[in-house]
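Structure, as structure tokens:
All of the numbers you see were taken from the coordinates with simple rules; none came from a lab. Quick caveat, the model's predicted, so the values are computed rather than measured. Glycine gets a Cβ as well: all are built from the backbone with ideal geometry, and neighbour counts include every protein chain shown.
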Amino acid sequence: MILDDFVSRLWPQLPLTEKTIDNYKGAYRRYAQPTFGFRNLCEITKTEFIELLAVLSSPTRFQTLMMLRTVYREAINRGLVLESPLTGIRPPRLNPQPSKFLTWKELNEIDFGRQDNRIRFLALHGLRFGEAVVLSESDIRDGQVHITKSKYGSTKSPAGVRTVPYLGYFDPFPKYQLTIAEKLAPYGVTVHSLRKTYAYNLKTAKIHVTTASKLMGHANPLITMKIYTAVKDDEIAESGQAMRIALSLS
């Protein structure tokens, strides 16, 4: 069976979350389909898959490999192939690094062109992109942004249903984040890092971490606390001066 034909039938049948399937579809469309979409499942070799994966970054390679493993596992279950060409291909080791983010001051000095308002809105309100996509003007009322859903249906967790103070810059969002991501990429940050900018804004405004947790839609305040521990170099310098004043040191 042709790979394209099989995956188009497969996606609706997988017992996975809508977000995971959406991620798998994206990985397939970007990395597997251009090279293998027209090929028969039985004809694609392990060597070809190794060559495909070798040029991808570690996180992208990991997700693409997981997607392909799922596809071939289901193909085996349906008797379409006898064995998976992915057998023995090991996933890359992922070493998560603290994600970089831009402060509001840094963001505000950059011209993002047509994505300017959207980037500023995310940085000032802390929405996940999936929540921002389905937001409309009717969700902004009485000085509050009412977050009740995401592009995947419900919010990430019950805590995701929340209201946050509206600080301006709303502009309806496109279905996909690529155009926004492209504007942020030269500065070494991602669309999701704008949530970290929001958390840093809350911290700078001295909003208590438990309140910040509710504003960010975190089910566990410890998640917010980890973001709140992020500091900038100037904060470290300022802390020394603050201690000198508090302790009357010369």
| message | Condition first: under 23 Å from Y176 (Cα atoms), in a helix (DSSP H, G or I) and not hydrophobic (A, V, I, L, M, F, W, C). Can you find one or more residues in the stretch 67-90 that meet it? | response | no
| query | Regarding D111, is this residue closer than 24 Å to L184 by Cβ and exposed (fewer than 14 other Cβ atoms within 10 Å of the Cβ)? | reply | yes
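What about K19, is it surrounded by 12 or more Cβ atoms within 10 Å (Cβ to Cβ), touching a Phe, Trp or Tyr at 6+ places or on another chain (Cβ under 6 Å) and charged (D, E, K, R)? Outline the logic, then answer.
Values: surrounded by 12 or more Cβ atoms within 10 Å (Cβ to Cβ): yes; touching a Phe, Trp or Tyr at 6+ places or on another chain (Cβ under 6 Å): yes; charged (D, E, K, R): yes.
Yes: the conditions hold for K19.
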| remark: Screening R118, R114, R61, R73 for residues that are over 30 Å from Y198 (Cα atoms) and not hydrophobic (A, V, I, L, M, F, W, C) leaves only R73
| Can you tell me which residues in the stretch 170-201 are without any contact (Cβ under 8 Å) to a residue 40 or more places away in the chain and surrounded by 14 or more Cβ atoms within 10 Å (Cβ to Cβ)? | A181
